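Written out below as structure tokens is the structure these notes cover.
Computed from the coordinates by the stated procedures, all read-outs in this text should not be read as laboratory data. Bear in mind the structure is a predicted one, so any value in this text is a computation, not a measurement. Positions of Cβ are generated from backbone atoms using ideal geometry, with glycine treated the same way; all protein chains shown enter the neighbour counts.
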Amino acid sequence: MSKEDLAVYVSNLSYTFPESEVPSLVDINLEVPWNTRTLVVGCNGAGKSTLLRLLSGKHLCRNGELLVNGLDPFAPISLTKKRQEDVDVQTTTYLGTEWCHMTIINRDIGVTELLNSIGMKVYQERCDTLVDILDIDLNWRMHRLSDGQKRRVQLAMGLLKPWRILLLDEVTVDLDVICRSRLLNFLKFETESRKCSVIYATHIFDGLANWPNRILHMDYGKIVSDVDYKKDIKFTENIGDMENGKVIKDENNKIIISKVNSLHPLALHWLNNDLGLPEL
Ligand SMILES: Nc1ncnc2c1ncn2[C@@H]1O[C@H](COP(=O)(O)OP(=O)(O)OP(=O)(O)O)[C@@H](O)[C@H]1O
């Protein structure tokens, strides 16, 4: 497959912020196919946001090559030749945590007005779905919302227009477990039903089993592990006399994860009860 036909193609990409002497990304090589969900994992400062922001065209890449949907993400829209099939689709949608702190969002403005301003009527069916799964009340006023409620509005706005590549930068951190799980299901459905891919950087792994196709581990600006979820990972009841939640590699280099103690099912159970919903 040619690099233009991939969702994302990155070759020998290094990036140093203008104010910095140390590179934030070092020789990144990455190919992301269509209809995939990639998780990006790493310590604070590992380079996850920098990578996602470069993919979204927020910073100019000077060292290396970067293509998103076959296009240079930093090139002005007027110079990019969109394919006919992409005319009604956004190439990238980047959703980061900073949105909720913008003054414009924290005004006395209604959710319906905000959604209308970005084309709610054009995407009415998608809008209804998003309002439903994110449990949004269209009468909400932004300045009176909790952080998690603002986040849900951000997600509904960000996901309203269909995108080819969705870059999620830890935006699910303040969602409750039900909302997060519905959102993840929606994104899974999207990637399975139309031409798109999701790259999701997170520190929260509860409820993510069976979601990704691939997991990238970043450290000091480099991709240090690249794991195929189906091929390279196996969950098992227990590994010999090892404690819960341990990880080993077997003789074929497959990653074996033993049973994990998690409070996630309990939280999900309680919140489903609170909302009068059946167990998923
Ligand atoms: N605007 C900036 N100017 C200079 N250096 C920066 C800037 N933004 C980030 N960095 C540096 O780049 C490196 C990677 O940061 P990045 O935000 O990509 O990490 P991250 O993996 O997303 O971390 P976190 O999990 O904390 O969000 C860090 O060393 C950080 O200090």
What number, in percent, do you get for the relative contact order of the stretch 1-51 if the mean sequence gap of Cα pairs under 8 Å and at least 6 apart is divided by its residue count? 33
Identify the residues of the stretch 140-155 with backbone N under 20 Å of a label point that sits 7 angstrom from the Cα of Ser193 along the Cα-to-Cβ direction, or state none. 155
Label-point separation (nm) for Phe74 and Ser11, each offset 7 Å from Cα along Cα-to-Cβ? 1.7
Taking the simple approach of a point 7 Å from Cα along Cα-to-Cβ for both Asp108 and Asn35, what is their distance in nm? 5.1
Determine the gain in length on full extension of the stretch Asn116-Lys222; use 0.36 nm per residue of separation and subtract their C-alpha separation, reporting nm with one decimal. 34.1 nm
Per residue Cα convex hull volume in Å³ - calculated over the chain: 161
Less than 21 Å apart at the alpha-carbon level, and either on another chain or at least 8 residues along: which lysines does that give for Lys259? Lys230, Lys231, Lys234, Lys246, Lys249
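Only counting other Cβ atoms within 10 Å, I'd like Leu39, Leu30 sorted with the fewest neighbours first.
Ordered from fewest to most neighbouring Cβ atoms within 10 Å, Leu39, Leu30 come out as Leu30, Leu39.
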Taking the Cβ of each residue in Met102, Met157, Met142 as the centre, tally the other Cβ atoms inside 10 Å and list the residues starting with the fewest. Met102, Met142, Met157
Inter-label distance, nm, simple model (7 Å from Cα along the C-beta direction), Glu19/Ser146: 3.4
Hey, which lysines would be in cross-link range of Lys161, C-alpha to C-alpha under 22 Å, not counting anything within fewer than 8 residues on its own chain? Lys58, Lys81, Lys82, Lys121, Lys150, Lys188, Lys195
